[in-house]
1. Provide the net charge surrounding Cys48, with neighbours chosen by a C-beta distance below 11 Å and charges set as Lys +1, Arg +1, Asp -1, Glu -1.
2. What residues have an amide H closer than 5 Å to that of Gly236, excluding those fewer than 5 places away on the same chain, when H is modeled at 1.01 Å from N in the peptide plane?
3. Counting each DSSP H run of 4 or more residues in the chain as -39500 (n - 2.57), what helix-only mean residue ellipticity at 222 nm follows after dividing by all residues, to the nearest 500 deg cm²/dmol?
4. So what J values fall out for segment 31-40 if you push phi through Karplus, 6.51 cos²θ - 1.76 cosθ + 1.60 with θ = phi - 60°, rounded to Hz, Gly and Pro as x?
5. Can you give the Rg/Rh ratio of the chain, where Rg is from the C-alpha atoms and Rh is the Kirkwood radius?
6. How far apart, in nm, are the 7 Å Cα→Cβ label points at Thr55 and Ala107?
7. Carbon and sulfur: what percent of the chain's accessible surface (1.4 Å probe)?
8. Any of Lys36/Lys197; Lys136/Lys197; Lys63/Lys198; Lys63/Lys157; Lys127/Lys198 with alpha carbons more than 29 Å apart? Name them for me.
Amino acid sequence: MKKKGTKKRFLLVANWKMNPDSLEDAKVLAAAFERKAKKSARTAVVVCPPAPFITTLVGNGKKSVRIGSQDIDHRTEGSFTGSVSARQVRTSGAEYAIIGHSERRAAGDTDAIIVEKVLRAFEAGLKVILCVGEDKRDHNAQYLLAVRSQLMAVLAKVEKSRLKQIVIAYEPVWAIGKSFASALSPRDIHEMSIFIKKVVAEAAGKDAGLRAQVLYGGSVSVDSARDMLAEGGVDGLLVGRQSLDAENFNGIIDHADSI
Ligand code: PGA
């Protein structure tokens, strides 16, 4: 149960990936979220657009919608063509960075690189949305070990005082970008959110475990979001495709507000 006060009850993160097609379209979409988010007292919204759009969307935002990057480099500066540093992202006005998304892990991010990225994010003053999730489910609970090991790799290297700057997004890889019917059930989401909090408690103490913010991501839709939030025991959702449609994403904000 969240304390009453200024803390928002749910966090909804829009991961736009390599969409939409133009800055103009991005502005229209972000403005539609802004109109909805500013009326919501209970739900915080973070949009993670492609990096070139960050500055414009930060400038356009009336601060109800926060901006994040989809990734950062693990180094601070230098001859790394195409890379973007944590400080560049932060000084462009973004407040969050997604780190460890499965699409970046598939492109070569190891746990060691992910740890470095998390440390660069903290140095720059960014909050981290750390993605973890197994490739597949099995009957011997190996998937729990996989998630645990991704989490421990980071938690072991991060000072406890930094933990409040991390949001953990549990995204089973097999459920990302699939039919909306193949998203994890609210019951299974609940089980994983408890498991993740236990791992945080093991690494950083009971209080840290209780305070850990856990999101679910992977084929979230406007039709499934309500049950995921109401019964999944999570603090919010990381939304891919359905965040590219204002009606759907705003519908998810409405659901979050209604719980
Ligand atoms: P999806 O993407 O909602 O389209 O499955 C989620 C993600 O990859 O973060």
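1. 0
2. Leu11, Tyr216
3. -12000 deg cm²/dmol
4. Values, residue by residue: 5, 5, 5, 4, 4, 6, 5, 6, 8, 9 Hz.
5. 0.93
6. Calculated label separation equals 2.1 nm.
7. 51 percent
8. Lys36/Lys197; Lys63/Lys198; Lys63/Lys157
The values are calculated or read from the model by the stated rules, or taken from the named source; none is laboratory data. All of these numbers come straight from a predicted model, not from anything done at the bench. Glycine gets a Cβ as well: all are built from the backbone with ideal geometry, and neighbour counts include every protein chain shown. Each accessible area value is taken on the protein alone, full model and side chains, heavy atoms only, with ligands, DNA and RNA left out. Shrake-Rupley method; radii C 1.70, N 1.55, O 1.52, S 1.80 Å.
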